[in-house]
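*Asks:* Mind having a look at this structure? Questions to follow.
None of the figures in this text is laboratory data; all of them are computed from the coordinates on show. Fair warning: this is a prediction, and the values are worked out from it, not measured in the lab. Counting neighbours? That spans all protein chains shown, and the Cβs are built from the backbone with ideal geometry, glycine included.
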Amino acid sequence: MYRVGVTVGQILVFLLFFAIWEGIVDFFHIKPVILPPPSRIAEVMWEQRALLLTNTWPTFVAISLGFIYAVVTGFVIAVGIAYSRIVRELTYPFLVTAQILPKIAFAPLFLIWFGFGLTPKIVIAALIAFFPVVINTAKGLSSVDSELLQYMDSLGASGWEKFTKISLPWAMPYFFAALKISITLAIVGAVVGEFVAAGEGLGYIINASNISLDTELMFAAIVAMSLLGIVLFLVIVAAERLFVNGVEENGGVQATM
Amino acid sequence: MSKAPHISIKGLSVSFKSRTGTVNALNNISLDIAPGSFFTIVGPSGCGKTTLLKVLSGVLQPSGGEVLFDGVAIDKNKVQGQVGYVFQRSLLLPWRNALDNVMLTMEVARRDMSRADREREARHWLKIAGLEGFEKRFPHELSGGMQQRVSICRALAFRPKVLLMDEPFAALDEITRETLQEELLRLWMQTETTVVFITHSIPEALLLSEQIAVMSARPGRVLERIEVPFPRPREEATRELPEFGAMAGHVRGLLRHREPVAATAQ
């Protein structure tokens, strides 16, 4: 009963937010070019549904590919860091430093390097989504209880068995915490890529409508973008539910960004 | 079922290099443990009991002396997969339910078993440990005592020749501890496994074991070996016997007298 009440309350907070927004725009007669009301944004989204949908696809492709590249390379390097002292000591300071850099600032440069279109978007998305995966996964793999590994040794387990039966599942909560951060970063990366180096995609629509002062369309594209982000995030959460068992109350999950 | 070996430990010494110099964890230990017996080592904290178990499980190499199983010196590769281990912490895998946790040892040490056999065996052990109906529960859904029972089932399920237990009940409350002690005896009687048990609880040592070795503080040496004569099955009433109290007093005296001596020697 309490849970249901909380869920209703949570939905009400969203509704209240949009209601206040609508009320403020109405009360102060704010021009749509400054801030359109939510009702008008919904209308524009419906009117422009074809445009929004066709431009969602390239953005989705850029996010997904950038994210997949980031996760695969990030995971492989994390395994290297966790299992090889020399790899760890050589690369870790570089990775931590590189993580702090404002990678978005390189976006205009990627336009010069990779031209116009899909490639720069993927590169930016992958670049900023990569670091949380490496750092979190490496942390997860190296935080495995050493007594547990000794236990496996006493049973005569091979290195591969220790990895698949202990280290990998141990690191999964860390890995998924990283994926949730990375997917949101990949979205940011793809949109920034579309701001500077694309002729299609939701980021391009946002940028183009901004230039033409079509604020209503701009908001419609932002909402479409947000919905895409929420869907992708929920996909990760669903995968986490599927792969991570019985660990929710175990704690130990820390996200770094 | 594999036959339990006669374990002989001869002149065993272990020392570690630390920042402050060399630490002698064990000093010239010699022990004989009969096949299928329940052998307990009692001693103060830091007397190298855990180090001794690590040598027996093949995880740690001794710096001197040797350990023989049936007259054959053990080495890492030979002993691995023959020795079960139970720690003070249950060390269960939080992402596996009770049944899958018990199956872990068989997956690694008994590759010849089929999945169905492993599952049947795991269910069997959980049942005799009183955990029927809890097979699908995850560790965080079980009490401390139940977790430790799962851990014991996991160690026994692959039918090790030797079961090493490192203060397995130390973290549990008194009542749970006494229940589990009696349950462990029941489980052990169904096997031919030799148990090497470590504790700093004197009543626990007396209740469980056939023989006790009393150890001194670091560097660990064997002060005395004691045969425990009480008949089995040992239960609640055993704790109340006058001989039980007398023997406990004797062991306590040994530990009391030796500790300050070792402390000043450091």
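*Asks:* Given C-alpha coordinates of segment A:89-181, what is the ratio Rg to Rh with the Kirkwood estimate of Rh? Write out the running numbers ahead of the final one.
*Replies:* Values: Rg = 18.0 Å, Rh = 15.6 Å.
Dividing the radius of gyration by the Kirkwood radius yields 1.16.
*Asks:* For each pair in B:K10/B:K49; A:K162/B:K161; B:K17/B:K54; B:K54/B:K161; B:K136/B:K161, compute the distance between the two Cα atoms and list the pairs where it is over 19 Å.
*Replies:* A:K162/B:K161; B:K136/B:K161
*Asks:* Also, quick follow-up: Assign unit charges at the C-beta atoms only (+1 for Lys and Arg, -1 for Asp and Glu), then state the dipole size of the protein assembly as shown relative to its Cα centre in Debye, rounded to the nearest 20.
*Replies:* Dipole size: approximately 1140 debye.
*Asks:* Here is a follow-up. Restricting to Cα pairs below 8 Å that are 6+ residues apart, what does the relative contact order work out to for chain A? Please round to a whole percent. Working shown, then result.
*Replies:* On the way: 314 pairs, mean separation 68.4, N = 257.
Contact order relative to length: 27 percent.
*Asks:* Sticking with this structure for a sec: Hydropathy first: keep DSSP H helices in chain A averaging at least 0.0 on Kyte-Doolittle, then drop any whose Cα extent along the axis falls short of 20 Å, and list what survives.
*Replies:* Both cut-offs are met by A:2-27, A:49-83, A:85-100, A:118-142, A:168-197, A:215-243.
*Asks:* Another question, then. Charges at C-beta only: +1 for Lys and Arg, -1 for Asp and Glu. How large is the resulting dipole of chain A about its Cα centre, in Debye rounded to 20? Spell out each step's value before the answer.
*Replies:* Values: 13 positive and 16 negative charges, 73 e Å.
For chain A, the charge dipole is close to 340 debye.
*Asks:* What's the exposure ranking of B:E235, A:E194, B:E204, going from fewest to most Cβ atoms within 10 Å? Working shown, then result.
*Replies:* On the way: B:E235 12, A:E194 28, B:E204 20.
Fewest to most other Cβ atoms nearby, the residues stand as B:E235, B:E204, A:E194.
*Asks:* Another question, then. Students often forget the sequence filter, so: which lysines lie under 23 Å Cα-Cα from A:K103 once same-chain residues fewer than 8 apart are removed?
*Replies:* List returned: A:K121, A:K139, A:K180.
*Asks:* Hey, another quick one. What is the diffusion coefficient of segment B:175-266 in µm²/s, taking the Kirkwood radius over Cα pairs and the Stokes-Einstein relation at 10 °C with a viscosity of 1.306 mPa s?
*Replies:* 110 µm²/s
*Asks:* Treating the beta-carbon of each Lys and Arg as +1 and of each Asp and Glu as -1, no other charges, what is the dipole magnitude of segment B:92-159 about its Cα centre, to the nearest 20 debye?
*Replies:* Here segment B:92-159 has a charge dipole of around 80 debye.
*Asks:* Follow-up question, since we're still on this one. Counting partner chain Cβ atoms within 10 Å of every residue's Cβ in A:140-152, what's the average?
*Replies:* On the way: counts 0, 0, 0, 0, 0, 3, 0, 7, 5, 1, 7, 12, 5.
Mean shielding count: 3.
*Asks:* Provide A:Y92, A:Y151 in ascending order of the number of other Cβ atoms located within 10 Å of each residue's Cβ, fewest first.
*Replies:* Taking fewest neighbouring Cβ atoms as first place, the list is A:Y92, A:Y151.
*Asks:* Calculate for the protein assembly as shown the 222 nm mean residue ellipticity that helices alone would give, adding -39,500 (n - 2.57) per DSSP H run of length 4 or more and normalising by residue count, nearest 500 deg cm²/dmol. Intermediate results must be reported in sequence, preceding the final value.
*Replies:* Values: 19 runs with 301 residues, N = 523.
Roughly -19000 deg cm²/dmol at 222 nm, from the helical runs in the protein assembly as shown.
*Asks:* A further question on this structure: For the protein assembly as shown, build the charge dipole from Cβ charges (+1 Lys, Arg; -1 Asp, Glu) around the Cα centre, then report which of A:P36, A:A157, B:F87 sits farthest towards its positive end.
*Replies:* Of the candidates, A:A157 comes out farthest on the positive side.
*Asks:* In addition: Calculate, axis by axis, the spread of Cα positions in segment B:178-226 along the three principal axes, and write the results as whole Å, longest axis first.
*Replies:* 35, 22, 16
*Asks:* What do the square roots of 5 times the Cα gyration tensor eigenvalues come to for segment B:1-141, in whole Å, largest first, as semi-axes of the equivalent ellipsoid?
*Replies:* 33, 19, 14
*Asks:* For peptide B:94-106, how many partner chain Cβ atoms fall within 10 Å of a residue's Cβ, on average?
*Replies:* 3
*Asks:* Ok, one more. How many nm separate the modelled label positions at A:F27 and B:T22, each set 7 Å beyond the Cα in the direction of the Cβ?
*Replies:* Distance between the two pseudo-spin positions: 8.2 nm.
*Asks:* Right, another one. Restricting to Cα pairs below 8 Å that are 6+ residues apart, what does the relative contact order work out to for chain B? Please round to a whole percent.
*Replies:* Numbers: 492 pairs, mean separation 70.5, N = 266.
Across chain B, relative contact order equals 26 percent.
*Asks:* Hey, another quick one. What whole-number volume per residue, in cubic angstrom, does the convex hull of the C-alpha atoms of chain A give? Write down the numbers at each step before the final one.
*Replies:* Values: hull volume 41.5 nm³, N = 257.
In chain A, the Cα convex hull volume per residue is 161 Å³.
*Asks:* Go through B:220-231, A:5-16 and give me the packing order, highest mean Cβ count within 10 Å leading.
*Replies:* B:220-231, A:5-16
*Asks:* Ok, one more. Where does the Debye-calculated log10 I(q)/I(0) of segment B:92-159 sit at q = 0.24, 0.27, 0.29 Å⁻¹, using only Cα point scatterers of equal weight, no solvent?
*Replies:* With one equal scatterer per Cα and no solvent, log10 I(q)/I(0) is -0.96, -1.20, -1.36.
*Asks:* Here's another thing I want to ask about it. Could you check the simple spin-label distance between A:L53 and B:E192, using points 7 Å along Cα→Cβ, in nm with one decimal?
*Replies:* Reported label-point gap for A:L53 and B:E192 is 7.3 nm.
*Asks:* Connecting C-alpha atoms closer than 10 Å in a GNM of chain A, tell me which of A:S64, A:S182, A:S226 has the biggest fluctuation.
*Replies:* A:S226
*Asks:* Taking 2.2 N^0.38 Å as the expected size of a compact globular protein, what ratio does the Cα radius of gyration of segment A:3-95 give against it, to two decimals?
*Replies:* After normalising by residue count via 2.2 N^0.38 Å, the value is 1.89.
*Asks:* Further question: List every DSSP H helix in chain B whose Cα atoms extend 24 Å or more along the helix's own long axis and whose mean Kyte-Doolittle hydropathy is at least -0.5.
*Replies:* Helices passing the filter in chain B: B:242-265.
*Asks:* Fewest first, what order do A:T164, B:T105 take by the number of other Cβ atoms within 10 Å?
*Replies:* Ordered from fewest to most neighbouring Cβ atoms within 10 Å, A:T164, B:T105 come out as A:T164, B:T105.
*Asks:* What FRET efficiency do you get for A:Q99 and A:N245 if R0 is 25 Å and r is their Cβ-Cβ distance, rounded to the nearest 0.05?
*Replies:* Numbers: r = 30 Å, r/R0 = 1.20.
Plugging the Cβ-Cβ distance into 1/(1 + (r/R0)^6) gives 0.25.
*Asks:* A follow-up question, please. Compute the Kirkwood hydrodynamic radius of the protein assembly as shown, taking the inverse of the mean of 1/r over all pairs of distinct Cα atoms, and give it in Å to one decimal.
*Replies:* 27.6 Å
*Asks:* Just to be sure I understand the curve: with the Debye formula and one point per C-alpha of chain B, what is log10 I(q)/I(0) at q = 0.14 Å⁻¹?
*Replies:* -1.00
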